[in-house]
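Here the structure comes first, spelled out in structure tokens, and everything after it is commentary.
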Amino acid sequence: MAVLVLTLALAGCASVPPPNDSMNQAQNRLQMARDAGAADYAPVDLGFAQDKFQLAQAAMAERKYADAANLAEESRADAELAQAKARLGAARAQIQSKVQENTRLRQQGEQAAGAGQTQDAAPAPASAPPTGDMPAPSSSTLSAPPADGFQTVPDAVQQPAANSQGGQP
């Protein structure tokens, strides 16, 4: 019976090892959350993670390793949440930026299309003579080769249309 009591007493005095791995993981996750922009997009969750990490550090200093391990694990989880929210916030901001850019480009396109339509649809000014009353161009203008190299084919010479049957009627 005495051996059993002594064994239980020694087991109760046995200490929990320091949670160095948990502390390192929590610290790494905190840094990753900061790098992801959690201070801007998830400041509350980042604050929770930092507070719990500080409590874990205090528990480590007091050699309360079980408490330190629990707090470090909570800090790590809060930091992961802050990091995920930061990534989501950054993605939403990027999407919003793209939507605004698309809206701006769409408006510019509509304005350009509207300006083109009003020029095409605008009636001729009242001072311009009707087309039937316009004088013919001089003969030198008619005989000059076009400046852009465009030449018309007379109506009498037409190219035969190829069909899907190999050109046979």
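Observations on the structure shown:
- Heavy-atom accessible area, probed at 1.4 angstrom with all protein chains present, ranks 23, 32 as 32, 23, highest first.
- Most to least accessible of 97, 22, 75 (protein chains only, probe 1.4 Å): 97, 22, 75
- Cβ-Cβ distance of residue 20 and residue 88, R₀ of 30 Å, FRET efficiency by 1/(1 + (r/R0)^6): the value works out to about 0.45.
- Residue 88 contributes about 90 Å² of solvent-accessible surface, heavy atoms of the protein only, 1.4 Å probe.
- Dipole of segment 19-110 [Lys/Arg +1, Asp/Glu -1 at C-beta], most positive-end residue of 36, 96, 86: 96
- Probe 1.4 Å, all protein chains present, accessible-area order of 78, 21, largest first: 21, 78
- Solvent accessible area, Å² - residue 106, 1.4 Å probe, full protein context: 140
- Extending 7 Å from Cα along the Cβ direction at residue 108 and again at residue 61 yields two label points whose distance is 5.7 nm.
- In summary, the lysines within cross-link reach of residue 52, defined as a Cα separation below 26 angstrom excluding same-chain residues under 8 places away, comprise 64, 85.
The values are calculated or read from the model by the stated rules, or taken from the named source; none is laboratory data. Given the structure is predicted, the values throughout are model-derived calculations rather than measurements. So basically every Cβ, Gly included, is an ideal-geometry build from the backbone, and we count neighbours across all protein chains shown. Protein only, heavy atoms only, side chains kept; ligands, DNA and RNA dropped before computing areas. Shrake-Rupley method; radii C 1.70, N 1.55, O 1.52, S 1.80 Å.
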